[in-house]
1. Just give me the residues in segment 168-178 being more than 28 Å from the chain's Cα centre (by Cα), part of a loop (DSSP other than H, G, I, E, B) and acidic (Asp, Glu), in sequence order.
2. If only one of 182, 149 is of a type in the set (D, E, K, R), out of contact with any Phe, Trp or Tyr (no Cβ under 8 Å at 6 or more places or on another chain) and within 30 Å of residue 92 (Cα to Cα), which one is it?
3. In segment 122-147, what count of residues is obtained for those that are open to solvent by less than 100 Å² (accessible area, probe 1.4 Å), charged (D, E, K, R) and either in contact with a strand residue (DSSP E or B) (Cβ under 8 Å, 6 or more places away or on another chain) or not in a loop (DSSP other than H, G, I, E, B) (or both)?
4. Provide a single number: the residues in segment 59-74 that are in contact (Cβ under 8 Å) with a residue 40 or more places away in the chain, open to solvent by less than 60 Å² (accessible area, probe 1.4 Å) and not polar (S, T, N, Q).
5. Loosely packed, with under 13 Cβ neighbours inside 10 Å, over 14 Å from residue 4 (Cβ atoms) and of a type in the set (A, V, I, L, M) - does that describe any residue in segment 29-44?
6. So which residues in segment 87-111 are surrounded by fewer than 16 Cβ atoms within 10 Å (Cβ to Cβ) and not in a loop (DSSP other than H, G, I, E, B)?
7. Could you figure out which of (1) acidic (Asp, Glu); (2) loosely packed, with under 11 Cβ neighbours inside 10 Å; (3) assigned to a helix (DSSP H, G or I) isn't true of residue 193?
Amino acid sequence: MKLVELSLNNFKGVSEFSIAPDGEDCKIVGENGTGKTTIMDSFLWLLFGEDSKGQSEFDLLPLTPEGEEEDHSQASVEAVLEVEGEEIRLKKTYKQKWVIPRGSNTPEFDGHTTDYEFDEVPVQKKEFESKLEDLFDLERLRLLVDTRKFNALHWEKRRTVLMDLVEEVSREDIVEKESQLKALELDGKDIDERRKQLKS
């Protein structure tokens, strides 16, 4: 997978931001509080619905000076990814929901809603997630793009993940590399028999 483009609009403290690494290596640098983590949060939220702390509920809409959400606000993140040579466009928009109660002319706040688009076609949440699952092993992808996720795993799970990344190594391969281990060859015996033999 390659990141071709990433765009944020009113996401957390960032009113507008876009970057087009076109699949190349890219560094985003800046002093504390300039939005580096926000950019990472936006990408993780787009793919997994969580920020870099693993939280699914966090303030991502623009806030007033008093710390309240701005009325009628919405935040969106859009990315173009290249997957096995084919480009796909993903977009999520989180917004306030306003309704006009019967018998009233005044809109009232009624929670939040999230809109999903896959290749510029509106889809439901389940379909969006299903399409992502078809493209990626999402658990492995999360380990690759989220620097904190791997270290949060239990040590046995970390070991399993690492061992899955390497080719199988045979006993012969090890002995060939480290000749002093030849004395530990089992020669057809089980481990207990070999241990007794070496002891004697």
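The values are calculated or read from the model by the stated rules, or taken from the named source; none is laboratory data. Here the structure is a predicted model, which is why all the values come from computation and not from measurement. Methodologically, a virtual Cβ is constructed for each residue, glycine included, from the backbone with ideal geometry; neighbour enumeration extends over all protein chains shown. Quick note on the areas: whole protein, heavy atoms, side chains included, nothing else; ligands and nucleic acids left out. Shrake-Rupley method; radii C 1.70, N 1.55, O 1.52, S 1.80 Å.
1. Result: 178, single match.
2. That would be 149, the only listed residue that is of a type in the set (D, E, K, R), out of contact with any Phe, Trp or Tyr (no Cβ under 8 Å at 6 or more places or on another chain) and within 30 Å of residue 92 (Cα to Cα).
3. Looking only at segment 122-147, we keep the residues that are open to solvent by less than 100 Å² (accessible area, probe 1.4 Å), and these are 123, 127-132, 135-138, 141-143, 145-146.
Filter again for charged (D, E, K, R), leaving 127, 129, 131, 137, 142, 146.
Still in the list and also either in contact with a strand residue (DSSP E or B) (Cβ under 8 Å, 6 or more places away or on another chain) or not in a loop (DSSP other than H, G, I, E, B) (or both): 127, 129, 131, 142.
So the answer is 4.
4. Result for segment 59-74: 3.
5. Yes.
6. To start, the set of residues in segment 87-111 that are surrounded by fewer than 16 Cβ atoms within 10 Å (Cβ to Cβ) comprises 87, 89, 97-111.
Across segment 87-111, the qualifying residues are 87, 89, 97, 98, 99, 108, 109, 110, 111.
7. (2)
The rows are residues; the columns are (1) hydroxyl-bearing (Ser, Thr, Tyr); (2) under 23 Å from residue 6 (Cα atoms).
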| site | (1), (2) |
| --- | --- |
| 64 | yes, no |
| 91 | no, yes |
| 112 | no, no |
| 120 | no, yes |
| 154 | no, no |
| 166 | no, no |
